[in-house]
Every structure is written in structure tokens, then in C-alpha cells.
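The values are calculated or read from the model by the stated rules, or taken from the named source; none is laboratory data. For clarity, every value in this text was computed on a predicted model and none was experimentally measured. Cβ placement follows ideal geometry from the backbone for every residue including glycine, while neighbour counts extend to all protein chains displayed.
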Amino acid sequence: MPRRRTILLLGLAAAAAGTAVVAIATTGQAKPGDDPAQPAVHDASSVPGQDPASVEKYWTRERMDQAQPAPMPNETP
């Protein structure tokens, strides 16, 4: 294979490998504006079968004050 063609193919292979590395490294990264300290909030009206008015009526100030956080799974392997 001529030297010029070998250099061209090696350059193309290096560029493809670099693109793949960048694509893999950036997959799943947080988007600008994402705050990992803030949990995902879902509107009660998006839960099938739940009336938003009944959810608001249920969660009184007293219930909110006494609410306990849900247990979170451990991230141990």
C-alpha cells in the first residue's frame, strides 16, 4: 500500500476512534440546568387515576409537616 494512502487511512481511523470516545464519554451526562440535588418532580395530575384536587386536599399542611422521606436504595455493589 502506498505510504500516502496508509497515512490517510490511519488518520481517518484515529478521527473515527476519537469521535467514538467523545460520543461514549458524553452519553448520559447532565444537561445544562440539571440540578442533581433536586429530585424529579411529577405533577399528580400525570399519574393515571389520580384527581389533582383530591391529591391537594389530602396533603394538608399538617401532613406535609409530618411527612417522612421515602427510603432510597443503597448504591453498594
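For residue 25, indicate whether it is at pLDDT 65 or above, part of a helix (DSSP H, G or I), out of contact with any Lys or Arg (no Cβ under 8 Å at 6 or more places or on another chain) and surrounded by 10 or more Cβ atoms within 10 Å (Cβ to Cβ).
Values: at pLDDT 65 or above: yes; part of a helix (DSSP H, G or I): yes; out of contact with any Lys or Arg (no Cβ under 8 Å at 6 or more places or on another chain): yes; surrounded by 10 or more Cβ atoms within 10 Å (Cβ to Cβ): no.
So residue 25 does not fit the description; no.
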Given the condition at pLDDT 70 or above, in a helix (DSSP H, G or I), surrounded by 10 or more Cβ atoms within 10 Å (Cβ to Cβ) and of a type in the set (A, V, I, L, M), answer yes or no: does some residue in the stretch 45-56 qualify? yes
I need a count of the residues in the stretch 59-77 that are surrounded by 10 or more Cβ atoms within 10 Å (Cβ to Cβ) and of a type outside the set (S, T, N, Q). 1
